[in-house]
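Novice: For reference, the structure I am asking about is given below.
The values are calculated or read from the model by the stated rules, or taken from the named source; none is laboratory data. Only a predicted model underlies this, so the values are computations on that prediction, with no experimental measurement involved. Glycine gets a Cβ as well: all are built from the backbone with ideal geometry, and neighbour counts include every protein chain shown.
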Amino acid sequence: MIELPIHNATGKKVETISIDEADLGGEVRPSLLKQAYVMFHSNLRHGAARTKSRGMVEGSTRKLYRQKGTGNARMGTARTIIRKGGGVAFAKTQRTEVFRKKMPKRMRRLANRNALLAKLVDNEVLCIDSLDLSAPSTKGLEAMFKALNINRTCLVALRADQRNAALSARNIDDADTIRVDQLNAFELLNHRFLVIDKASLQSFLDGSVWPNSGDDKEAA
């Protein structure tokens, strides 16, 4: 069992919760985490590279000059691939589906939970008793981060109704927010710390966020 301390807004430990490693995959699985990370990262690609073939280039199809009698090499249309401003022999087209990767739903969910286990093992999960702020306050949230000794990038997992906390975190450098039901291995591994409140963490561990979870999507 992993004993995770719960802190208040001033960084003081107020209680402890026990988390069973078996619920998060039992042990950290590097190969599974890498597969999930590569999938999410690849699905972020849009395949925006695009060039024009000679048929796509605007211009006349008229032969530039007569074939014989000029002393020049014979030449056809100005849109040919060997002339400046002409087309490309093998034009690139926008094909996002080429980069898309998939994983079975159970593997994605296991990877998400296993990424959380990796964070717990490394003491990089900072659980707060509550992130329900009465009003947006970037200064107050920065003070909380300082009390928790957060000195690297952090991911703040919030519920949909915790808008004040989301507004408070958006102006803090190296801090990103994500909804608890969209928490995934890619975002967890891309940040050093995870900041989450007790209720949100419990809902993630219980699986109650799964029905609308972003981990059911191949794309991040």
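Novice: With respect to Ser203, is the statement that it is among the polar types (S, T, N, Q) and touching a residue at least 60 places away in the same chain (Cβ under 8 Å) true? Can you show your working first?
Specialist: On the way: among the polar types (S, T, N, Q): yes; touching a residue at least 60 places away in the same chain (Cβ under 8 Å): no.
When the stated conditions are applied, Ser203 does not pass them.
Novice: Let me ask another. From Ala160, Ala165, which residue is modelled with pLDDT of 90 or more, assigned by TED's automatic domain parsing to the domain that holds Ser203 and either closer than 30 Å to Lys12 by Cβ or not in a loop (DSSP other than H, G, I, E, B) (or both)?
Specialist: Numbers: Ala160 fails: modelled with pLDDT of 90 or more.
None of the other options fit; the residue is Ala165.
Novice: Continuing with the same structure: Only one of these is assigned by TED's automatic domain parsing to the domain that holds Val121 and without any contact (Cβ under 8 Å) to a residue 40 or more places away in the chain: Lys84, Lys63, Lys34. Name it. I'd like the intermediate steps shown before the answer.
Specialist: On the way: Lys84 fails: assigned by TED's automatic domain parsing to the domain that holds Val121; Lys63 fails: assigned by TED's automatic domain parsing to the domain that holds Val121.
Unique residue meeting the criteria: Lys34.
Novice: Which members of the range 120-132 meet the condition of being among the aliphatic types (A, V, I, L, M) and either part of a helix (DSSP H, G or I) or modelled with pLDDT of 90 or more (or both)?
Specialist: Initial filter on the range 120-132 (among the aliphatic types (A, V, I, L, M)): 120-121, 125-126, 128, 131.
Those that are among the aliphatic types (A, V, I, L, M) and either part of a helix (DSSP H, G or I) or modelled with pLDDT of 90 or more (or both): Leu120, Val121, Val125, Leu126, Ile128.
Novice: Next question, about the same structure. Considering only residues that are in a helix (DSSP H, G or I) and among the charged types (D, E, K, R), which ones fall in the range 80-119? Talk me through it step by step, then tell me what you get.
Specialist: Pass one, the range 80-119, residues in a helix (DSSP H, G or I): 96-98, 105-119.
Hits for the range 80-119 are Glu97, Lys105, Arg106, Arg108, Arg109, Arg113, Lys119.
Novice: Here is a list: Ala143, Ala147, Ala118. Which entry is of a type in the set (A, V, I, L, M), in the same structural domain as Val180 (by TED's automatic domain parsing) and surrounded by 20 or more Cβ atoms within 10 Å (Cβ to Cβ)?
Specialist: Ala118
Novice: A further question follows. Looking at Ser134, Ser130, which one is out of contact with any helix residue (DSSP H, G or I) (no Cβ under 6 Å at 6 or more places or on another chain), closer than 15 Å to His7 by Cα and among the hydroxyl-bearing types (Ser, Thr, Tyr)? Working first, answer last.
Specialist: On the way: Ser134 fails: closer than 15 Å to His7 by Cα.
After ruling out the rest, the residue left standing is Ser130.
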